[in-house]
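I have placed the structure first, in the form of structure tokens, so that the comments after it can refer back to it.
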Amino acid sequence: MNPPNTQPVTTAVATLGGGCFWCLEAALLQLRGVKSIVSGYAGGAMKDPDYRSVCNGNTGHVEVVEVRFDPAVIDYRTLLMAFFAIHDPTTPNRQGNDVGTQYRSVIFTHDAEQEKIARDLIAELAGQKIWPDSIVTAVSPAPTFWRAEDYHQNYYANNPLQGYCQAVVAPKAAKLRKVFAGRLKDA
């Protein structure tokens with residue numbers, strides 16, 4: 001039972017793919033209202049995929065993050081705006097040097113409201129012509145989510161000096177801190 005005059009804490013889920021899941025996790029975890037992030041795979045045909053199989057590009061899976069967030073603190077649209085700020089939504093099957101269908105830009109929605117918000121935001125961003133090319137981010141109903149291996153969870157926090165983390169993950173996390181400075185957990 002909740003104490004009088006308090007609202008129950010609700011948690012919503014967003015499933016996002018936009019390149020390496022290490023980047024998305026490290027950046028989005030900084031946002032106030034984000035409770036947890038699990039790296040994993042979604043959108044493919046293979047049951048219980050593993051990293052090696054997904055990296056082959058033959059399973060159809062995308063590296064994704066499953067974000068649990070408090071919508072009273074950060075709404076879904078703002079979470080998607082952060083997602084678009086830290087990856088290039090105009091490159092099919094690619095984010096920087098990460099190439100393959102497992103790196104495609106996708107928003108897996110969990111209900112009709114999320115789908116509407118995602119499609120409306122994409123249309124709005126396309127109209128603003130922020131990027132020189134068209135947005136290719138797919139919007140699809142959330143398929144089965146498969147948790148990635150333990151060593152992928154909190155990868156950046158556990159491996160900040162690793163080369164890929166310094167060269168690719170850290171700049172994306174820094175960009176999010178700059179663009180969303182007022183929405184950070186430590187702000």
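Each reported figure results from applying straightforward, stated rules to the coordinates on display, with no laboratory input. Since we're looking at a predicted model, the values are computed, not measured. Cβ sites come from the backbone with ideal geometry, for glycine too, and all protein chains shown count toward neighbours.
Pull up the cross-link candidates among the lysines for Lys129, meaning alpha carbon to alpha carbon under 23 Å and not fewer than 8 places away within one chain.
Lys116, Lys172, Lys175, Lys178
Under 5 Å between amide hydrogens, which residues at least 5 positions from Thr109 or on another chain qualify, with H placed 1.01 Å from N in the peptide plane?
Long-range HN contacts for Thr109: Ser140, Ala142.
Semi-axes of the equivalent ellipsoid for the stretch 72-187, please: Cα gyration tensor eigenvalues, times 5, square-rooted, ordered largest first, whole Å.
Equivalent-ellipsoid dimensions as semi-axes: 23, 18, 17 Å.
Give me the one-decimal nm value for the distance between modelled label points at Ser53 and Met81, 7 Å along each residue's Cα-to-Cβ direction.
About 3.9 nm, to one decimal.
Roughly how far apart, in whole Å, are the Cα centres of the stretch 49-72 and the stretch 113-141?
20
³J(HN,Hα) across the stretch 148-153 via Karplus (A = 6.51, B = -1.76, C = 1.60, θ = phi - 60°), whole Hz, x for Gly/Pro?
6, 4, 3, 5, 7, 6
Using alpha carbons only, what's the Rg to Rh ratio of the stretch 16-140 with Rh from Kirkwood?
0.95
Within the chain, which is the longest segment that contains none of the trypsin sites (Lys or Arg not before Pro) sitting in a DSSP loop with at most 15 other Cβ atoms within 10 Å?
Longest site-free region, per DSSP loop and neighbour criteria: 48-128.
For the charge dipole of the stretch 124-181, defined by +1 on Lys and Arg C-beta atoms and -1 on Asp and Glu C-beta atoms about the Cα centroid, which residue among Tyr151, Pro141, Val169 has the Cα displaced farthest towards the positive pole?
Val169
Of all GluC sites (Glu not before Pro) in the stretch 87-187, which ones are in loop regions per DSSP and have a Cβ with at most 15 other Cβ atoms within 10 Å?
Glu149
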